[in-house]
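Remarks on the structure that follows.
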Amino acid sequence: QGLRIHSAIITKHDKKGDVQLEVDRINTHKSLYEVRLHTKEQLFAGNYSVTMTFSGKITDHMNGIYPCRFKDGKEDKMLLATQFESHHAREAFPCIDEPEAKATFDLTLVTPTVRTVIGNTPVQSQQSKGDKLVTTFETTPKMSTYLLAFVFGELDALEATTRDGVLVRTYATPDNVQHTKFALDTAVKCLEFYNDYFDIPYPLAKCDFVALPDFASGAMENWGCITFREQALLVDPKNTSLHLKQYVANVVAHELTHQWFGNLVTMRWWTDLWLNESFASWMSYLAIDALFPDWQVWTQFIVDEQGLALKQDALENTHPIQVEVKHPDEIRTIFDAISYEKGASVLLQLHEHLGADTFRDGLRLYLQRHAYANTDAVDLWRAWEEVAGQPVTEFMTAWITQAGYPFVAATVSKDSIVLEQSLFSLNPLAPKTPTLWPIPLGNGQTMTAQSHSIARSDFELINPGRTGFYRVGYDPGFMAELDITKLADVDRLGLLSDAFEAAKAGYASSVDALKLLSKYTDEDSTVVWDVISGNIGGIRLVMDDDLLRDQMKPFMRQLVAQQLERLGWDERPSDSHFDSLLRPTILGLASFAEEPSVVAESKARFAAAKSSEDIHPDLRGVVYGTVARLGGSDEFDKLLQLHNGSTNSEERVTVAAALTNFKQPELVDRALALITTDQVRLQDAPYWIAYSFMNRHARKASWQWLQENWQWLVDNLGSDLSFFRMPIYAGRVHSDLNFLPEFKAFFETKLSPAFDRPIKQAIETIEWQAAWKARDLAALQAYFKSI
C-alpha cells in the first residue's frame, strides 16, 4: 500500500542447495493491498526466501512512517516515527501484514546523524558513515508486523531500572523530557506488578516510552518501543490537571499490559481485537489500583469505562464484542467503546463471578500455554475452565457474541423481588429482539431465564457494586421509599445513571429521574457528581430549548450550593484526592447556571492571568469556558494567544474547547477557519470539530464547514480513526428529525465499510434524541417551573 516494488529475487532452499529463480513479472493489486510475483517456472510447496527492493513515501497521515514536527527553542525540528497498527506496516515494507503472520525482525536504519534512534530492541551496533548514521538493532521476539516500530530525531530521555533488571526509558523532546518523571516512575512499578501478576517476566532487556509531538491516537503498544501522544505521557506540575495525571498513569498501565496481552500472545485475527484491548483496559485499573490505592479507581471505572460502554451498546447499530472482520477498512470501526470499555466491563463481571485468584491463575495458564503464538477467545475460556472447573464458555459466549445488554425490570414487594429481563434499547424505533443473558445478580445468584424471583431479604439492590453489565429499573413505589444515604458511592451513581438512561429510552419519565436526583442534596462523591453533571448536560443538549435552559439555572444553582461553599475555588490542605477532582465539576455546573460569584471570579482570574500558568490547571477549563461563553473578540484574541504560545498538549486542547465556544457568528467562523491552518496540529483537529458541534451557537456553521472541507479532511485525516467519527460528531448534537434528510443526503455518498456503522449510529442517535425530546420536553418544563 503506497509502495513501489522495483525488483524481487526468489531463492529456493532445499537439500541440494540454494537455487535463485527468475521473477519475470511483478503485479501490485491496490484494492487487495497485494504484491504478486510471477516466475517462468512453476513453484511448489517448499522453503523459499524473497528479497525485494522497494521505495515508499513518508506522509503526514500519522500512519506508516511519518514526520513529527516541533520547536526546540525557536528552531524548527522534525522526528520520524511509525504507526503500523492495524494494517499500516505494508506502507513501510512488503510483508504479510496480518496478526497471525508472526516473525522475527532484523532492523537496520540509515538515518541522518541524530541524537536518538530507537527500535523495539536494544541497539546492537551503531556507526557513522559520512553524514549518515547506521543503526542495527538486536533481533526482535517473534511478533506481528503491527508491533514493529522505530523513532529517530532529537530526543532526550530519563531512565530507571526495575528490580528484575529491565532498563526503562522515557523519551521526549528536549524541553519536555523533565515532564516524563511521573510516567517513568509509574512504568517501573507497573512492570514489576505485571511480572508478579502474570508470573512471566517481561521478555525484553528494555522498554522505551516515547512522547511524540504528532500522534493520532492516545498510545501504541509496540513491543519495547511504546509511542504516545504527548498528552498521554507528560505530567507538568504547573500545567497538568489531576484528571490528566490519572489518565497518564492509566495509559502507561494499559500499554504495558499489552506487552503480555497482544504482544506475547496475540489474537489470531481482528475479530478478537477485544482479547487485546479489553484486557489492557481492565488490567490497567488493576495495576493502578495497586499503585495508587487512594485513587479508588474501580469506582471511577464504573463511570468512565462501564458508563461509556453502556451508552454505546444501547444503540441498535452496535456490534458484539467479538465481531467478524472481512475487510481491512472494517478494522477501524471496532476500535471503539465495545472492544475496549464493554469488553473490560464484561471482564470485571467475570472476575467477580470466578474470584480474583481463579481469574489470575487462568490468565497465567493462558499466557504460558500460548506465548509467542496466536489465539482465539475459546483458548482463554479453556484455560479458565481448567482452573475454575466452571462452564466459562457457556457464561461468556452470550456476553461476547450478542450485541447489547439486558434491562432488568424489578418489581419489589414485601417478601420478594420479581425480575424480567429484556434488551435495553435507547431508540423506540429499534426492534425489540428477544435475547437472554446469564445475569449475575449479586450474592452468588445468577438469572438465566426471562423471569426470575428472589427473596427480598437477600437483596438491598440488584447488582450491588455495579460489577454486572446491565441496567436495572425499579418500580416507583420502591424508589420513593429508598434511603440512598445508606448506599455506597458506586451504588448511588448506578441507581441514578440507570434512572436517567431508562427515561431517555422511554422506560420511565425524566421527571421521575429528577425526583430521584432531589435526594442527592448532600452528595459529595466526585463519581456521583460525574453522573449528575453528565445527565444535566444531556437534558440541556437534547431538549435544545431556551426556555428550559433558563428554567434549569435556579435548580442547578441550588443543587451545587452546598458543595460550592464547601470546596470554593482554591486548594486547601484538608482536600482529599476526590475533592480536587470534584472542584472543577462543581464550578463548571455553577458557571452554566450563571452563579454570579463563579462568573465574576472566572472573569477576574482570566483578566489577571498573564500566562496560562497563572490559573490552576484543574480550573482552566472552567475559567476559559466561562469567558468564552459570555465574552467577545478581546477574550477570543487572548485565548488564541494562549493557544499559540503553548507547547503543552493538554493546554492547547483545553483552550481549543473555549475558542470553539463563542456565540458570535464572526468568532464561530474564525475558530472554524483556524482548523485548516498550521495553528492547529492535525492530531488536534478532531477536537476542534467535535467541540464546535457541541456549541449550540456554532452547530449550523460547523455542519456547513464539515461539508465544505470534507476533501481537506480526507486528504489530511483520511486514515485516522477520528475521521470516521465525523458522522457521530454531527449527529449527536441534533434532536430534530427535520435534520435527518440533509444528514443522509451528505453522508449517503460516503458509505464504506469504515463509515457504515458510524453513519447508522448517528442516524439512530438523532432518532432516539428526537423521541426523548418529543416525549418529555413539556413535562420537564412543567417540573422546573413548579419547583
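Computed on the Cα trace of segment 261-342, the radius of gyration divided by the Kirkwood hydrodynamic radius gives Rg/Rh = 1.03.
Across the accessible surface of segment 589-698, with the other protein chains kept in place and a 1.4 Å probe, carbon and sulfur atoms take up 51 percent. Average accessible surface for segment 57-138: 50 Å² per residue, computed with a 1.4 Å probe over protein heavy atoms with every protein chain in place. If you roll a 1.4 Å probe over segment 226-333 with all protein chains in place, what percent of the accessible area is carbon or sulfur? So the carbon and sulfur contribution to the accessible surface is 50 percent. With Cα atoms defining each centre, segment 19-35 and segment 141-213 are spaced 38 Å apart in the structure. Suppose each label sits 7 Å from its Cα in the direction of the beta carbon; what would the I58-D458 distance come out to in nanometres? That separation, rounded to one decimal, is 6.5 nm.
Per residue of the chain, the DSSP helices (runs of n ≥ 4 H) give a summed -39500 (n - 2.57) that works out to -13500 deg cm²/dmol at 222 nm. Using a Förster distance of 35 Å, how high is the FRET efficiency between T104 and Q126, based on the Cβ-Cβ distance and rounded to 0.05? Efficiency at R0 = 35 Å is approximately 0.95. Compared with the dominant Cα axis of the chain, that is its longest principal axis, helix 377-388 is turned about 70°. Along the axis of the charge dipole computed for the chain (Cβ charges of +1 for Lys and Arg, -1 for Asp and Glu, origin at the Cα centre), the listed residues L256, V19, A101 are led at the positive end by V19. Once the Cβ-Cβ distance of H6 and K603 is raised to the sixth power relative to R0 = 56 Å, the FRET efficiency obtained is 0.30.
May I ask you to order 598-609, 754-765, 271-282 by the average number of other C-beta atoms within 10 Å around their residues, highest value first? Kindly include the intermediate steps, with their values, before the conclusion.
Numbers: 598-609: 16.7, 754-765: 20.8, 271-282: 24.3.
Answer by packing, highest mean first, reads 271-282, 754-765, 598-609.
Of the cross-linked pairs K432/K760; K432/K504; K245/K638; K181/K206; K129/K206; K181/K238, those separated by over 19 Å at the C-alpha level are K245/K638; K129/K206. Computed on the Cα atoms alone, the convex hull of the chain gives a volume of 176 cubic angstrom per residue. The residue among P617, P584, L567 whose Cα reaches farthest toward the positive pole of the charge dipole of segment 562-620, with charges on the beta-carbon of Lys, Arg, Asp and Glu, is P617. By accessible area, using a 1.4 Å probe on protein heavy atoms only, segment 417-513 has 55% of its surface on carbon and sulfur.
How long are the semi-axes of the equivalent ellipsoid of segment 375-427, defined as square roots of 5 times the Cα gyration tensor eigenvalues? Whole Å, largest first. Sorted largest first and rounded, they come to 31, 18, 5 Å. The length gained on full extension between K181 and H327, counted as 0.36 nm times the residue separation minus their Cα-Cα distance, comes to 48.4 nm. Please get the size of the charge dipole for the chain, origin at its Cα centre, with Cβ charges of +1 on Lys and Arg and -1 on Asp and Glu, quoted in debye to the nearest 20. In total the dipole reaches around 1240 debye. Each 5 Å bin from zero holds the following percent of Cα-Cα pairs in segment 414-467: 4, 17, 25, 21, 15, 11, 5, 1. Find which of G389, V35, L133 sits farthest along the positive direction of the dipole of the chain, computed with +1 on the beta-carbon of Lys and Arg, -1 on that of Asp and Glu, about the Cα centre. The residue sitting most towards the positive pole is V35. Ordered from longest to shortest, the equivalent ellipsoid semi-axes for segment 631-744 are 23, 18, 11 Å, each the square root of 5 times a Cα gyration tensor eigenvalue.
Between 0 and 90 degrees, the angle of helix 685-694 with respect to the longest Cα principal axis of the chain falls at about 20 degrees.
Peptide packing: for 564-571, 177-184, 580-587, 615-622, the average count of neighbouring Cβ atoms within 10 Å per residue gives the ranking 580-587, 615-622, 177-184, 564-571, highest mean first. Computed about the Cα centre, the dipole magnitude for segment 116-252 is approximately 60 debye when only Lys and Arg (+1) and Asp and Glu (-1) carry charge, each at its Cβ. Normalised by the number of residues in segment 612-762, the mean separation of alpha-carbon contacts (under 8 Å, six or more apart) gives a relative contact order of 17 percent. Using C-alpha pairs below 8 Å separated by at least 6 residues, the relative contact order for the chain is 9 percent.
Under a 1.4 angstrom probe, counting protein chains only, how are D185, D550 ranked by accessible area, largest first?
On the way: D185 60, D550 90 Å².
So the residues, ranked largest to smallest area, are D550, D185.
The residues of segment 437-507 have, on average, 38 Å² of accessible surface per residue, using a 1.4 Å probe with all protein chains present. Annotation: per residue accessible area for segment 203-251 equals 23 Å², rounded to a whole number [probe 1.4 Å, protein chains only]. Using a Förster distance of 30 Å, how high is the FRET efficiency between D72 and F746, based on the Cβ-Cβ distance and rounded to 0.05? After rounding, the FRET efficiency stands at 0.10. Take each peptide in 115-121, 99-105, 76-82, 16-22, count the other Cβ atoms within 10 Å of every residue, and average; sorted highest first, the result is 115-121, 76-82, 99-105, 16-22. Of interest is the spacing of the C-alpha centroids, which for segment 44-91 and segment 735-763 amounts to 33 Å. Here segment 103-160 has an Rg and Dmax of 12.0, 34 Å, counting Cα atoms alone. On C-alpha positions alone, give me the angle between the axis of helix 343-354 and the longest principal axis of the chain, in degrees, nearest 10. Rounded to the nearest ten degrees, it is 80. How many angstrom lie between the C-alpha centres of segment 606-624 and segment 442-460? Each part's Cα centre sits 51 Å from the other's.
Projected label points at R163 and T28, each 7 Å from Cα along the beta carbon direction, are separated by 5.2 nanometres.
The values are calculated or read from the model by the stated rules, or taken from the named source; none is laboratory data. On a predicted model such as this, the values are computed, not experimentally measured, just so you know. Ideal geometry is used to build each Cβ from the backbone, glycine not excepted, and the neighbour counts take in all protein chains shown. The accessibility values were calculated without ligands, DNA or RNA, using every heavy atom of the protein model including side chains. Shrake-Rupley method; radii C 1.70, N 1.55, O 1.52, S 1.80 Å.
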